[in-house]
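Student: First the structure, then my questions, so here it is.
The values are calculated or read from the model by the stated rules, or taken from the named source; none is laboratory data. The structure presented is a predicted model; accordingly, all values stated were derived computationally and were not measured. Using ideal geometry, Cβ is built from the backbone for each residue, glycine included, and neighbour counts are taken over all protein chains shown. All accessible areas refer to the heavy atoms of the entire protein, side chains included, with ligands and DNA or RNA removed. Shrake-Rupley method; radii C 1.70, N 1.55, O 1.52, S 1.80 Å.
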Amino acid sequence: MRELFVIGVGAGDPDQVTVQAIKAMNKADVFFVIGKGDEKQDLVDLRTTILEEHVAGAYRVVDIVDPPRDRTPSDYEGVVDDWHERRAALFEAEFASEPGVGAILVWGDPSLYDSTLRIVERVLARGNVSFDYSVIPGVTSVQSLAAQHRIVLNRIGEPVHITTGRRLAEGLPDGVDNAVVMLDAHCTFTQVPGDDVQIWWGAYLGTPDEVLISGRLRDVEDEIQRVRAALRERKGWIMDTYLLRR
């Protein structure tokens, strides 16, 4: 492989794919698709729909099975580092065997809570393969959340804090009134104190299964938990994002 495009393709809606992303996809000979097991096959199907809708010429698809990792580790950074190294070995092998131009489709944007760029850099650092790569930005679930709820993420002059459920469990930093939370598997918003907090929550953003709930946190937190549990049980997986505001 002589060139690689790392392409942000939005939260799932094929109409959110940018013109720049479409141009890059149509330069690719092969797409590397990272699968996460049968329970997330519909994510692979969404990628397939995006390719069928936006790529005019012939292309190949290489499936890479994402190596498993401990989701509740005592050494979080160590486990993630090991996972990234195993991912890099898989990518390296596929990059070495495929000629021409390759592409990886990344949900949302490659710059926000995604490991693809770190993996690509690890592959290059290993020194066994060499290629140029470009990054194409995409619409994130954060932007999709705001658009679907028809809100602005910040009030006038205020900052926006973007964090994870793992970090939210440690508490919000002092002075943070607008917090976007991603990767929260445990409904950590229930631990946020106060009766003056609003929440805008969305699951499967940008897909036909999209679900939205908003309101005063204390009024809707039980509903969000019930709905989230039912959705996860039905589909086998869930991706959700939310904004908290005091």
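Student: What length, rounded to one decimal in nm, is gained on full extension from D209 through to V62, with 0.36 nm per residue of separation minus their alpha-carbon distance?
Tutor: Full extension of this stretch gives 50.3 nm more.
Student: Give me Rg/Rg_expected for the range 1-110, where Rg uses Cα atoms only and Rg_expected = 2.2 N^0.38 Å with N residues.
Tutor: 1.13
Student: Follow-up question, since we're still on this one. Give the accessible area for Y76 in Å² (nearest 10); use a 1.4 Å probe, count only protein heavy atoms, and leave out ligands, DNA and RNA.
Tutor: Looks like 90 Å² after rounding.
Student: Across the range 104-120, in residue order, what do the Karplus-derived ³J(HN,Hα) couplings come to in whole Hz, using 6.51 cos²θ - 1.76 cosθ + 1.60 with θ = phi - 60° and x for Gly and Pro?
Tutor: 10, 8, 10, 4, x, 10, x, 8, 10, 6, 9, 9, 4, 5, 5, 5, 4
Student: In addition: Provide the per residue accessible area, probe 1.4 Å, for the chain, rounded to a whole number of square angstrom.
Tutor: 50
Student: Counting only other residues whose beta carbon sits under 12 Å from that of V62, what net charge do I get with K and R as +1, D and E as -1?
Tutor: Local net charge: -3.
Student: Report the dimensions of the range 125-224 along its three principal axes from the alpha-carbon atoms, largest first, rounded to Å.
Tutor: Taking max minus min along each principal axis of the Cα atoms, the range 125-224 gives 55, 34, 31 Å.
Student: Ok, one more. How do E98, E210, E121 rank by accessible surface area computed with a 1.4 Å probe, from largest to smallest?
Tutor: Largest accessible area first, the residues go E121, E210, E98.
Student: Hey, another quick one. Provide the net charge surrounding E158, with neighbours chosen by a C-beta distance below 11 Å and charges set as Lys +1, Arg +1, Asp -1, Glu -1.
Tutor: With Lys, Arg at +1 and Asp, Glu at -1, the net is +2.
Student: Please give the peptides 48-61, 178-191 ranked by average Cβ packing (other Cβ atoms within 10 Å per residue), highest first, as a rough proxy for protection.
Tutor: The most tightly packed comes first, giving 178-191, 48-61.
Student: Output the 0 to 90 degree angle, nearest 10, between the alpha-carbon long axis of helix 41-54 and the longest principal axis computed from the alpha carbons of the chain.
Tutor: 60
Student: Sticking with this structure for a sec: Remind me, relative contact order of the chain in percent, using alpha carbon pairs under 8 angstrom and six or more residues apart?
Tutor: Averaging sequence separation for qualifying contacts and normalising by length gives 24 percent for the chain.
Student: Using the eigenvalues of the Cα gyration tensor, what equivalent ellipsoid semi-axes result for the range 163-220 when each is taken as the square root of five times the eigenvalue, whole Å, largest first?
Tutor: With the √(5λ) rule applied to the range 163-220, the semi-axes are 20, 14, 10 Å.
Student: Residue by residue through the range 211-219, which ³J(HN,Hα) values in whole Hz follow from phi under the Karplus form 6.51 cos²θ - 1.76 cosθ + 1.60 (θ = phi - 60°), with glycine and proline marked x?
Tutor: Here the 3J(HN,Hα) series is 10, 10, 9, 8, x, 5, 3, 5, 7 Hz.
Student: If you roll a 1.4 Å probe over the range 116-219 with all protein chains in place, what percent of the accessible area is carbon or sulfur?
Tutor: Whole-percent figure for carbon plus sulfur exposure: 49.
Student: Another one. Quick one: which residues, 5 or more positions from E98 or on another chain, have an amide H under 5 Å from its amide H? H modelled 1.01 Å from N in the peptide plane, none for Pro or chain starts.
Tutor: Under 5 Å from the amide H of E98 lies no amide H from a residue far enough along the sequence or on another chain.
Student: Which value, in nm² and rounded to one decimal, describes the direction-averaged projected area of the C-alpha convex hull of the range 115-155?
Tutor: Over all viewing directions, the range 115-155 projects a mean Cα-hull area of 4.2 nm².
Student: If you take the square roots of the eigenvalues of the alpha-carbon gyration tensor of the range 95-184 and sort them as a ≥ b ≥ c, do you get rounded (a/c under 1.5), prolate (a/b over b/c) or oblate?
Tutor: prolate
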